[in-house]
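Q: Quick one: the structure is below, and I'll ask about it shortly.
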Amino acid sequence: MKYFFLLVVVFLLCKLSIAQNDELIIQTDSFAKDDRFNKYHITRELFLVNGDTIKTPTFEGLSEAKTITIKKPEGYKLYAYGFIFFAGTENKLNPYYITIMVTNYLAKNPKIWIDYNQNFDFTDDPNYLLPYFNEKGTEVFLPNQKNQNGKNKILFTRTSLFGKFEFRKQMNEYYDFFYKDRKFIGLDYTYREQRYLCKSGIVKFGNDSFRIALYDGNSNGLYNDADTDRVIVINYNDSIFDNTNDLFSTKLAKKNETTYFEKNGQVFEILETDEAGNFVKIKPTKSESLFGKIKVGKKIPKFIFTTYKGEKKNIKKFKRQEVFMYFSSATSKNFKNDTAFLRQIAAIDSNKIRVILFLYVNKSFELRYFSSQAKPNYILALGHKNISNKLGIRGLPQTLLVGKKRRVKKYGISPEEYLKNLRSTD
């Protein structure tokens, strides 16, 4: 029996050692969508090929067009060309752009040819069938010139213009005005370009699981460019990586500096990011002085927040009370249990203790919907990055306990733990 007990103790100590000291290698070889994937409508414009020549972009007249002689694949009646921005390749005539050609663009399923080797000879390049209006999109990959394993993935779908007559007119006029030296083939025969700039994987840390992605900030197919690329973390049940929100996104530090991120109350150090984006190496750390957290005893700054009813409230109005702030999203770890504890805390004594749930949502109506379902007895407010930045909140869920006169008492105390402390002092 004693021997069994010793084995259990050793096992638990080993698990603790792994959780605190050992590095984790996360495979991030799956392309994933960032928050702009569905928001942005980038039209890949196409122009008629004039004989055997094309012209480089002028960027609305900011540069002079150059004429390029090309070699077309034979056997097609119509040829159109365009350019895809990709910082992972370059040529003297058209740096950081890959030339594409679409043959028989009036057909139901035209072919797209991609000049990967940048020699403007499309007879030695691969081609892909493009989709009709409601067909599944065509995926193509853009490899970095120096590291072929580093890639961006692009999805092409037919530009949808149903009911957008004014938009069609405006865009046709735009191309006619800025590109008078070439013939735009019309929006009806163009394609929407959606780019996968994230490569993702799953982190399993103790009993916790969340998603992590490397984000190619400069679209060069590489994922470890310092001060440009990012590491993004989201909840396991989420699927869209938001690279614009500092709650989830961390820019890779400059050379000789260390990159950290926080998730579910745990801080991680980034040890290595693969250039091609296929893995990231991380390590848990105990550092508490990161992300601009306010020191214990210091005042938090003044700020205005908005409740689910649209009311504006100033945090300084609560200077005579202890304030327990809970920052979360509806898909965050332990959200259901934590909000149940918030209700119990809020019911103790609202004259001495105020509870504020800062809920981070994609749309403001989601906040009102949550209020109608939860019927909170605490203050329900809209989570905003300005507030989280001021308070040093860099991950969800997170808590901040503030005493009287807005002085910090503690970060990271769970609602359950705080409730136990309150009851033990009764």
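The values are calculated or read from the model by the stated rules, or taken from the named source; none is laboratory data. Every value quoted in this text rests on a predicted model; they were computed, and no experiment measured them. A quick note on method: Cβ atoms are made from the backbone with ideal geometry, for glycine too, and the neighbour counts reach across all protein chains shown. Ligands, DNA and RNA are excluded from the accessible area calculation, which covers all protein heavy atoms including side chains. Shrake-Rupley method; radii C 1.70, N 1.55, O 1.52, S 1.80 Å.
Q: Count, please, the residues in the stretch 110-126 that happen to be touching a residue at least 12 places away in the same chain (Cβ under 8 Å) and of a type in the set (S, T, N, Q). Quick ask: steps written out before the conclusion?
A: Within the stretch 110-126, the first condition is being touching a residue at least 12 places away in the same chain (Cβ under 8 Å), and the residues that meet it are 110-116, 118, 120-123, 125-126.
Now narrow it down to the ones that are of a type in the set (S, T, N, Q): 118, 123.
So the count comes out to 2.
Q: List, please: which pairs have Cβ atoms under 6 Å, are six or more places apart or on different chains, and start with a residue in the stretch 25-42 that is closer than 12 Å to R195 by Cβ and open to solvent by 20 Å² or more (accessible area, probe 1.4 Å) and end with one that is part of a strand (DSSP E or B) and not basic (K, R)?
A: Final answer for the pair search is F31/Y196; I42/E193.
Q: Additional query: For the stretch 310-334, enumerate the residues that are in contact (Cβ under 8 Å) with a residue 60 or more places away in the chain and assigned to a loop (DSSP other than H, G, I, E, B).
A: K319, R320, Q321, S329, T331, S332, K333, N334
Q: From the set of residues in the stretch 206-227 that are open to solvent by less than 10 Å² (accessible area, probe 1.4 Å) and part of a loop (DSSP other than H, G, I, E, B), which is farthest from P397 (Cα to Cα)?
A: G221
Q: How many residues, within the stretch 83-109, are surrounded by 15 or more Cβ atoms within 10 Å (Cβ to Cβ), without any contact (Cβ under 8 Å) to a residue 40 or more places away in the chain and not aliphatic (A, V, I, L, M)?
A: Going through the stretch 83-109 one residue at a time, the tally reaches 6.
Q: Sticking with this structure for a sec: If you go through the stretch 271-281 one residue at a time, do you hit one that is at pLDDT below 95, assigned to a loop (DSSP other than H, G, I, E, B) and charged (D, E, K, R)? Spell out the reasoning first.
A: So in the stretch 271-281, the residues at pLDDT below 95 come out as none.
Scanning the stretch 271-281 turns up no residue that is at pLDDT below 95, assigned to a loop (DSSP other than H, G, I, E, B) and charged (D, E, K, R).
Q: Can you tell me which residue in the stretch 53-98 is nearest to the chain's Cα centre (by Cα), limited to those that are of a type in the set (K, R) and part of a strand (DSSP E or B)?
A: Within the stretch 53-98, the subset of a type in the set (K, R) is 55, 66, 71-72, 77, 92.
Now narrow it down to the ones that are part of a strand (DSSP E or B): 55, 71.
Values: K55: 35, K71: 39 Å.
My answer is K55.
Q: Taking P126, is it within 32 Å of the chain's Cα centre (by Cα) and not basic (K, R)?
A: On the way: within 32 Å of the chain's Cα centre (by Cα): yes; not basic (K, R): yes.
Yes; evaluated as a whole, the condition is true for this residue.
Q: While we're here: Can you tell me which condition G265 does not meet? The list is (1) within 30 Å of K319 (Cβ to Cβ); (2) at pLDDT 95 or above, and all the others hold.
A: (2)
Q: Quick test for you: out of V102, V9, pick the one residue that is closer than 30 Å to F268 by Cβ and either at pLDDT 95 or above or not charged (D, E, K, R) (or both).
A: Working: V102 fails: closer than 30 Å to F268 by Cβ.
Answer to the check: V9.
Q: In this structure, does S239 turn out to be surrounded by fewer than 16 Cβ atoms within 10 Å (Cβ to Cβ), closer than 18 Å to F31 by Cα and of a type outside the set (D, E)? Reasoning before the result, please.
A: Numbers: surrounded by fewer than 16 Cβ atoms within 10 Å (Cβ to Cβ): yes; closer than 18 Å to F31 by Cα: yes; of a type outside the set (D, E): yes.
Yes: the conditions hold for S239.
Q: Name the residue, out of K15, K33, K55, that is at pLDDT below 80 and charged (D, E, K, R).
A: Numbers: K33 fails: at pLDDT below 80; K55 fails: at pLDDT below 80.
Within the list K15, K33, K55, the selection yields K15.
Q: Mind listing whichever residues of the stretch 253-280 are touching a Leu at 6+ places or on another chain (Cβ under 8 Å), open to solvent by 40 Å² or more (accessible area, probe 1.4 Å) and not hydroxyl-bearing (S, T, Y)?
A: E275
Q: Considering each of L357, L342 in turn, give the residue that is surrounded by 19 or more Cβ atoms within 10 Å (Cβ to Cβ), under 19 Å from L419 (Cβ atoms) and in contact with a Pro (Cβ under 6 Å, 6 or more places away or on another chain).
A: Values: L357 fails: in contact with a Pro (Cβ under 6 Å, 6 or more places away or on another chain).
Step by step, each of L357, L342 is checked, and only L342 is surrounded by 19 or more Cβ atoms within 10 Å (Cβ to Cβ), under 19 Å from L419 (Cβ atoms) and in contact with a Pro (Cβ under 6 Å, 6 or more places away or on another chain).
Q: Same structure again: Of these, T103, T123, which one is touching a strand residue (DSSP E or B) at 6+ places or on another chain (Cβ under 6 Å) and farther than 19 Å from R44 by Cβ? Working first, answer last.
A: Details: T103 fails: farther than 19 Å from R44 by Cβ.
From the options T103, T123, the qualifying one is T123.
Q: So which of K254, K199 is farther than 20 Å from I393 by Cβ and within 17 Å of the chain's Cα centre (by Cα)?
A: Numbers: K254 fails: within 17 Å of the chain's Cα centre (by Cα).
Testing whether each residue is farther than 20 Å from I393 by Cβ and within 17 Å of the chain's Cα centre (by Cα) leaves just K199.
Q: Considering only residues that are under 30 Å from the mean Cα position of the chain (by Cα) and modelled with pLDDT of 95 or more, look in the stretch 290-301 and name the one that is farthest from P397 (Cα to Cα).
A: The first filter runs over the stretch 290-301 and keeps only residues under 30 Å from the mean Cα position of the chain (by Cα), leaving 290-295, 300-301.
If we keep only those that are modelled with pLDDT of 95 or more too, we end up with 300-301.
Details: I300: 19, P301: 21 Å.
Looking at residues that are under 30 Å from the mean Cα position of the chain (by Cα) and modelled with pLDDT of 95 or more, I get P301.
Q: If you don't mind, another one. Which members of the stretch 110-168 meet the condition of being of a type in the set (A, V, I, L, M) and in a strand (DSSP E or B)? Walk me through how you get there before you give the answer.
A: Pass one, the stretch 110-168, residues of a type in the set (A, V, I, L, M): 112, 114, 129-130, 140, 142, 154-155, 161.
Hits for the stretch 110-168 are I112, I114, L129, V140, L142, I154, L155.
Q: Let me ask you something else. Need pairs with beta-carbon distance below 9 Å; first residue more than 17 Å from K336 (Cβ to Cβ) and within the stretch 363-384, second of a type outside the set (F, W, Y) and assigned to a helix (DSSP H, G or I); sequence gap 6+ or separate chains.
A: Sorted first by the residue in the stretch 363-384, then by its partner, the pairs are I379/A346; A381/L367; A381/I387; L382/S364; L382/L367; G383/L367.
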